[in-house]
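Have a look at the structure below before the remarks.
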């Protein structure tokens, strides 16, 4: 069965290697995003006991902000370079995660006792 599906799969994939990598990473990213939205909705409504409306509204706002930021981020990547923008994005993400976890903990090298 797997060998019969390979020729059909090869017809769907582009012939150049960079395009194939882009297609495969896009598929993996799409599956991951779908799983994230589904699992976060279940977790926040069942475990944290938030209502479905605020969780859905929060996820919708996050998707809208992400969609609206995609074009300016593309422009900035063209202007400043993908690596510099990616580094700045990860530094910002790290600062936000550190702030979320507690600023004093973010500045220390020790993990909090609750972990």
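The values are calculated or read from the model by the stated rules, or taken from the named source; none is laboratory data. Because the structure is a prediction, the values reported are computed rather than measured. Neighbour counts are summed over all protein chains in view; Cβ atoms, including those assigned to glycine, are modelled from backbone coordinates with ideal geometry.
So here's what we get for this one:
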| read-out | value |
| --- | --- |
| Test: residue 109 is assigned to a helix (DSSP H, G or I) and modelled with pLDDT under 90 | no |
| Unmet requirement for residue 49, which otherwise passes all of (1) assigned to a helix (DSSP H, G or I); (2) loosely packed, with under 10 Cβ neighbours inside 10 Å | (1) |
